[in-house]
Structure formats: structure tokens, C-alpha cells
2 protein chains.
Amino acid sequence: MRLIVEKFGGTSVGTVERINAVADHLADKHQRQESLVVVVSAMSGETNRLVNLARQITSNPAPRENDVLLSTGEQVTIALLSMALHERGVKARSYTGPQVSIRTDDTYSKARIREIELSKIRADISAGYIVVVAGFQGVDDGGNITTLGRGGSDTTAVALAAALNADECRIYTDVDGIYTTDPRVVPVVRRLDQITYDEMLELSSMGAKVLQLRSVEMARKHHVPLRVLSSFKLGDGTIISGTEKESHMESPLVSGIAFQRKEAKLSLLGIPSSPNALKVVFAAIAEANINLDIIIQNLGAHGATDLSFTVAAEDYRLCLEVVYSVGKKLGVERIEGESDLAKISVIGVGMRSHTGIAQLLLETLVDQGVTTKMISTSEIKISVVVHESEMDRAVLALHTAFHLDDEDEVNSSNVLQIA
Amino acid sequence: MRLIVEKFGGTSVGTVERINAVADHLADKHQRQESLVVVVSAMSGETNRLVNLARQITSNPAPRENDVLLSTGEQVTIALLSMALHERGVKARSYTGPQVSIRTDDTYSKARIREIELSKIRADISAGYIVVVAGFQGVDDGGNITTLGRGGSDTTAVALAAALNADECRIYTDVDGIYTTDPRVVPVVRRLDQITYDEMLELSSMGAKVLQLRSVEMARKHHVPLRVLSSFKLGDGTIISGTEKESHMESPLVSGIAFQRKEAKLSLLGIPSSPNALKVVFAAIAEANINLDIIIQNLGAHGATDLSFTVAAEDYRLCLEVVYSVGKKLGVERIEGESDLAKISVIGVGMRSHTGIAQLLLETLVDQGVTTKMISTSEIKISVVVHESEMDRAVLALHTAFHLDDEDEVNSSNVLQIA
């Protein structure tokens, strides 16, 4: 008998009607002899309601108590969904994170799962129950309630699937899969049937909202096949796994194009040769709590170094100040900065065994009259930085150049998965 | 250092403002070196909200899941109150029922407490924390969440006070103590400074809403001094304990007068002598799920028995049918019934050592032209059944006759405690 872990997010269980719809779906699968462990989030709006209650009391809620508060959201959903299953004559039993001993470390609000006690779940599955587990929460060694932070319910689902050695972990959401890019920019995007963990990680790190990095990383580590699909319409969604399907004899060069607006670039040119110079620069930026994204360094023939990097636009002014100050001390020749930029990443495991990707990318951009401000490559990704005003044009052209366009006009209601 | 358990009900923590007020109160006591364990209910309205969610899904919620659902209400309150205490610089730590191992049996929705694990609470108290515990909930041996049923938070508070051997258990509510009777009937009621467990039990069994029978019984069993006081205004409330205070050299004959409207009386007259006759009658009534209140039986000289009893008015018609049917089989001479009745009980431990109470009671009623339909006595209580239309007059006269009237006009906002 196949064992499947299914996870339903906040909008999928956002109303009593939606919970009933999920119960219908599960009852149907249960009748078809699938063993099911279900992970649910808080009903959409519920977490905000709780956060607002806390905010009325304090602007700085004690982290331990905040987790006690927020974890009630999922507890309400597991109870309601289990009731709905009972109402359909299906045996079901709910568990909070602490009740099934989802053991975490003690970092409130972003705890990490250490281990899961499976005896109750296994016994219930054997006895024909659907097991309904509250996502997003666990318990530390001291018996304190913890929450897992953003995307925590996805992480709960993948962790359970890994621990139970489930056949598949399905993440039901409000989009019906992973797309080649954002349909708001490219009208002919295509839903991908399959994608690798690595590609998904690259997409996620570029702001794909469907899955959090953490849950994809965990699925990859434990070889859990992960499927993203819609809880509102039928379809097989996109399966994320370690290997490309055998059926794809010729795997595509590129699986998708991700992008990020509101980027800025800073350059320190002619940093005098000194073993400590770069260390001093990075330390000053870290101290200002600024995250760097792409970093390019180049040692010139005369011994001085050029350093360029990108930051989020909102950090641009502050970063410029930091860099001027540290640059002056180090005797840097020149400092340059530019905002209103965007980053485009072309992603695909097929790149590993193919050459000419960078060339096709650059040719396409040149043909469009788009200037590349920076280029950075990794094994399965090429990123370029361009002016924000040229981004849409560039993404459109690249989507066509890498054969990602759909033959059929895409349904524009299949909204985006990439921010 | 004194250890006090304080319990705040739903209206006392019904809004963020009320929670802040409770936190102010606790912070003040904490500063004055009182060790505090606080038990809270769900914010008023919250339990109804949850019940309504469940009702939209099923008319018959699975009991285990219903307890999972309802227990979130108190969990929200403990988190918010602990945050409010932190905001005031007071160390506080919240615990759900399962977290402090309030072990119960496995009767969902009306579980009974078996034992409480005190190590965490004791350690926190020693470390200067205010311990905030969710009322109304516990955990069974299988790790399932249970709830304690009506008045469950009072029971949690008394159980904690008993287990911790606390100096006092204070129940904060929306009335400022226990009164001699209902101010809606008698305008000059007096708040009692003290009352015994037994008297409180008699009052509670007559429908006093301030405390549930169960928590008073538990306090009595474990000798926990129980104080009822208002969370909205200052005052010492009423202390409920085992003995009358020494200061009361001459304890009052009567502490209070309770009453219940909507009663009915049924009589089976001339039940032929048979060892099984009464058993058959009571069995038939029990099978119809009707509760009897006062029961009077009298064996006549000719060997036949007369039996009278009272039931709630809503059960009157059904009970009459049952009694006719069983009476016919048994060959009962006559069956009589009367509704629109009321029960009045005069309660006081002083009765034990005094005579003439019944006489004073009857004289007073006769003077008022009130006909007594039934009389029943116990060690600390005399109950009479009268026509409902005569009840108010009777209670007023008895309140004066037993010297319960207050010298000062009572503040009519000190609402009733008796239904």
C-alpha cells in the first residue's frame, strides 16, 4: 500500500467549505486504499488574527509565548479537518506537533526539526486511520512549544515523509505547479512536469514562493519525491526529484528563468594589495546587517583588486556609506554604485553537460540591445544583472531562445510562482 | 512567602484591555513578594467561535477532536497574559494543561483530574516566575488532549492549589462575592464575608453560577481556602472554607436563601404494597432520562405507600406520561401533578445546633399567606416547594425573618450569584 504525505496550506483550508473540500478529497483517496498522513497549516487569516492580538499587548512579544500563541492556529485546523473526516465515515486522528513529538531545537520562531517519534503514527496508519498532523510546530527537549518559521508546514510534511519513508510528499497550494517563469512577464509560460531539487533550489533562492528553500533542501537530502499541485483544480502538478525522468532522453538545456527586481550594484575598484583588505570590507558590510548576493572579484595585473557585488535596493544607500567609509581607510582608488537593476537567472541541470549556454544568453541579450552589468555562473545557473527597465524584454527573449514557450496560449489564471 | 493560586474567567480576560488589567494586578502582587500561579480561561466569545466552526462542519463533533479544538482557547490566553507580564518586566512562563501534565482520565469533554506533575511549576516559582496555566484542559495517559467540562478552569485552579498546598485559591469573576440571596428578588441582600464548603455546595446545587459544584467539592476535600472576588472592583469577596471564623462567636443561623423557579411536582398516591413497586417507578423515570430533585415517601397505615417528587418543569409532561403508564401497571390509586412551582432553600451550618428553624420558616410563610406544597430537610438546609407566583414574596419575608437584610441599601450592580 502506498504511503503518501499530503500538505494543505492556509488558503487550502481557509474556510469551512475548503476544509470540507479537502476532507472529500482525502476520503476519496482513503477509499482507494492509499495510506495518508496529512499536514495542515492554520486557516488563512488566523495567524494574522493571533499576531494582531499579540501586537495590541506588546511590540516585542516574548518568543516562547509567541510560539505558544501561534501554534494554536494549526491545532484548530487539525481538529476541524478530523471532524470533517469523521463526518464522512473516515477514521481520522489529529496530532499537534508536541503530541507526535516533532522534536526540535529550542530556537523559538525558527526551530529546526531533529527527530520525529513515529510509533503513534505508524500504529494509526496500520489501524486504517488518516493521521492529521499540525504543521509548523514542534516541541523542544524541555517540553516547550516551538514553531518552525516561514514555510514551516512544508518542512513538517517533508520531514514526516522522510521519517516514514513515504512514496511521495504532495504540497497542495494555490498554484498548480512550477512554471518556466513568471506569467506576468512572459505570457506563454509552461508548467514543468518535473524538475530537479537543484533547479528548484535555484528557483526558490530567486524568490519562488511556492516552496521554501528549507523544505526543498530537506527533500533533497532525504530523497523525498516532492510534488507541487493545486488544491483548487485537478492536475498532476510538478514533481521535484533527484533525477530527470528517463523518458526525457534529451533533457532540456534550461528548465526555467527566475528574476529579481530592485537590485543594486556596488564596485570597489583598485583595492590596494593587502591580505586583509577584502576581509575588512566584508566585515564592515556584515556588521551593517547587509546581505550580499552576487559577488565578483578580480585581481588586476598590477596587484590591486576590483570587487563588485549586488545588494537589495533597500540596502543600497546604507551600503554605499559603509563602503565609502571603509574604502577611504583602505585607500581604494574608486567607488562606483548603481541602483534600479534586476537580476535574471537561467536555470537548468542540462547546462552541466552542454556548452554554449552563456553564448546563447549573451547573443540574445545583445540582439535585444540589453546591456549586461554583471555575469555570474554556477554549475546549473547563469545569472546576469541588467537595468530594471530592460528586464522584461530580456526575460521574454530568453524564454523564447531557450525553447520554454508553450505551444498553447497559457491560461493566465495559472498565476506565477516567482516573485 | 505566601503561595496563591488565582483564577481569571473568560470575562476577566475577555479583551486585550482586560488582559492588561489582569497583568497590572499580578505585577503589583508579584512586586509585593507573593508567589503566584495563575489559571486562565479562554477569552469570552472565543469558545463560542470555536464551537460555531465545528458546528458548520458537523452536528456531532468527534469528542476527541472537539477537545483538541476547544483547548486552543485557553492556550491563546496564557500566551497573551504571559506576554503582557513580560511587557511589565515580570518573569512569567505559560503552560498548557498537557505541558504541566495535568493528568486526567480519558473521558473527553468532561475529564476528571487524576494528578498534576509539579516539578516545572515548583522550579519556576523558586526562580521568581509567575506561572500561567491554561485552565479547563489536561492530558490522558495516551497523550490525548482532554477538557474538564463546565467550570473546568475553577477545577484546574483548585486542583493546582491543593497539589501545591497553596495558602489560598482565588476565583476572580464578574461578581464580588457570595450573597445571601438573589438581589433581583430581595433588594437588601448582603455579601457574605465567609461561608462553609457545605453551605456553598448547597447554594451551588441550587443553581448558584459563581462556582461549579465540582470545584467546591474538590476544595472541601483538600481543605483549600477558596475566595470568590471580582476582577472589576476592589474588595475581599467571600472566603469559602471548612470552618466558620472564630470571630463569629455567635454564628448566624442561616447564611443564605437559594431558590429555583420552573419546578413541577408529581405524586403517586396509594401504591400497593410490594417490595418492587418503588424500584419499578424510579427505573421507568430514569429510563426516560428525567432527573428527580426532592423525593418524599410515606408509608400509610394500611400498607400502601404515597410517593411525591419534584422535576424540572420542562420534564413535567413526559414524566406525567411515564408515571401514568407505570402507575396503571402497578395499580396505583391516584396520580396527581402540579407545575408552575418553585423551590426555596434556607441554608446554614448554624442549623445543626439550633432548633426552631422549621417553625420560624413555616410561621413566616403562613403569615404571608404562602402555601407550602412540600417540605424536605437536611442537616444544613430546609427546602420548601411553593407556587411560583408566591415565591418572591416568600423569599423576601424569609430574608428578613432570618436577619439577612443588609443595614445599607445594597448596590444593585452587585448582581446575583444565584440563577
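Quickly estimate the mean residue ellipticity at 222 nm for chain A, helices only: each DSSP H run with n ≥ 4 gives -39500 (n - 2.57), and the total goes over all residues, rounded to 500.
Taking each H run of at least 4 residues, the total per residue is -10500 deg cm²/dmol.
Once you sort the root eigenvalues of the Cα gyration tensor of the range A:253-316 as a ≥ b ≥ c, which label holds: rounded (a/c under 1.5), prolate (a/b larger than b/c) or oblate (the other case)?
oblate
Full extension from A:S274 to A:Y324: what is 0.36 nm times the residue separation minus their Cα-Cα distance, to one decimal in nm?
16.2 nm
If I take every Cα pair under 8 Å that is 6 or more residues apart in chain A, average their sequence separation and divide by the length, what percent do I get for the relative contact order?
Relative contact order here is 15 percent.
With the contact rule set at Cα under 8 Å and sequence spacing of 6 or more, what percent relative contact order holds for the range B:125-201?
Taking the mean separation of contacting Cα pairs over the length of the range B:125-201, I get 16 percent.
Averaged over peptide B:140-153, how many Cβ atoms belonging to another chain are found within 10 Å of each residue's Cβ?
For peptide B:140-153, the averaged partner shielding equals 1.
For A:K120, list the lysines whose Cα falls under 16 Å from its own Cα; do not include residues on the same chain fewer than 8 positions away.
Within the straight-line cut-off, A:K120 pairs with A:K91.
Suppose we keep just the alpha-carbon trace of chain B; what are its Rg and Dmax in angstrom?
Here Rg and the maximum Cα pair distance are 24.0, 79 Å.
How many Cβ atoms of partner chains, on average, are near each residue of B:80-90 if near means within 10 Å of its Cβ?
Mean shielding by partner chains, rounded to a whole number: 5.
In nm, one decimal, shortest first: how far is the label point of B:A288 (7 Å from Cα along Cα to beta carbon) from the matching points in the other copies?
8.6
For the residue pair A:S378 and A:E168, what label-to-label distance in nm results when each label sits 7 Å from Cα along the Cα-to-beta-carbon direction?
Roughly 2.8 nm, to one decimal.
Pick out which of B:H354, B:H302, B:H387 has the largest mean-square fluctuation in a Gaussian network model of chain B, springs linking Cα atoms closer than 10 Å.
In the Gaussian network model the winner is B:H302.
How do A:L269, A:L69 rank when sorted from fewest to most other Cβ atoms within 10 Å of their own Cβ?
Exposure proxy ranking, most exposed first: A:L269, A:L69.
Only counting other Cβ atoms within 10 Å, I'd like A:R227, B:R334, B:R393 sorted with the fewest neighbours first.
B:R334, B:R393, A:R227
Where the centroid of each part is defined by its Cα atoms, how far is the range B:1-52 from the range A:212-234 in Å?
43 Å
If each of A:L292 and B:H223 carries a label point 7 Å out from its Cα toward its Cβ, how far apart are those two points in nm?
Each label point is offset 7 Å from its Cα along the Cβ direction, giving 7.3 nm.
What FRET efficiency comes out for A:L3 versus B:S126 if R0 is 51 angstrom and r is the Cβ-Cβ distance? Round to the nearest 0.05.
0.60
Evaluate the Debye formula for the range B:256-401 with equal point scatterers sitting on the alpha carbons, no solvent, and hand back log10 of I(q)/I(0) at q = 0.17 Å⁻¹, in q order, two decimals.
-0.96
Taking the Cβ of each residue in B:D306, B:D198 as the centre, tally the other Cβ atoms inside 10 Å and list the residues starting with the fewest.
Arranged by neighbour count, lowest to highest, B:D306, B:D198 become B:D306, B:D198.
Just to be sure I understand the model, the point goes 7 Å from the Cα along the line to the Cβ. What's the resulting A:R112 to B:D28 distance in nm?
Here the modelled spin labels are 4.7 nm apart.
Share of Cα-Cα pairs in the range A:3-173 beyond 27 Å, in percent?
Across the range A:3-173, Cα pairs with separations above 27 Å total 20 percent.
Please work out which residue of chain A brings its Cβ closest to the axis of the rotation superposing A onto B, and round that distance to whole Å.
Per the A/B rotation axis, the closest residue of A reads A:T72, 2.
Give the cross-link partners of B:K262 among the lysines, using a straight C-alpha distance below 25 Å as the criterion and excluding same-chain residues fewer than 8 apart.
Straight-distance partners of B:K262: B:K209, B:K343, B:K373, B:K381.
Return the single residue from B:I380, B:I57, B:I357 with maximal mean-square fluctuation; model: Gaussian network over chain B, springs between Cα atoms under 10 Å.
Sorting by GNM fluctuation, first place goes to B:I57.
Out of all DSSP beta bridges with both ends in the range B:29-188, state the antiparallel percent to the nearest 5.
Roughly 40 percent of the DSSP beta bridges within the range B:29-188 come out antiparallel.
For a Förster distance of 41 Å, can you work out the FRET efficiency between the beta-carbons of A:S59 and B:S119, rounded to the nearest 0.05?
0.75
Step by step: find N for the protein assembly as shown, compute 2.2 N^0.38 Å, then divide the Cα radius of gyration by it. What's the final number?
Compared with the compact-globule rule of thumb, the protein assembly as shown sits at 1.28.
Please sort B:100-109, B:148-157 by packing, taking for each peptide the average over its residues of neighbouring beta carbons within 10 angstrom, highest first.
B:148-157, B:100-109
Using a 10 Å cut-off around each Cβ of peptide B:55-63, what is the average number of partner chain Cβ atoms that fall inside?
6
For a quick check, take a GNM of chain B with Cα springs below 10 Å and name the residue from B:E115, B:E202, B:E17 with the largest mean-square fluctuation.
Of B:E115, B:E202, B:E17, the most mobile in the Gaussian network model is B:E17.
Among the lysines, select those whose C-alpha is under 22 Å from the C-alpha of B:K329, and discard any that sit fewer than 8 residues away in the same chain.
List returned: B:K265, B:K279.
Kindly give the distances from A:M1 to its copy-mates, label point to label point, with each label point 7 Å from Cα along Cα→Cβ, as nm values to one decimal ordered shortest first.
5.4
Before anything else, pin down the relative contact order of the range B:15-112: Cα pairs under 8 Å, at least 6 apart, normalised by residue count, whole percent.
Computed over the range B:15-112, the figure is 34 percent.
State the dimensionless ratio Rg/Rh of the range B:210-334 (Rg: radius of gyration of Cα atoms; Rh: Kirkwood radius).
Rg divided by Rh gives 1.17.
Only the coordinates and a few stated rules stand behind these numbers; no lab work does. It should be emphasised that the depicted structure is a prediction, and the values quoted were computed from it without experimental measurement. Note: ideal-geometry Cβ built from the backbone for every residue, glycine included; neighbour counts use all protein chains shown.
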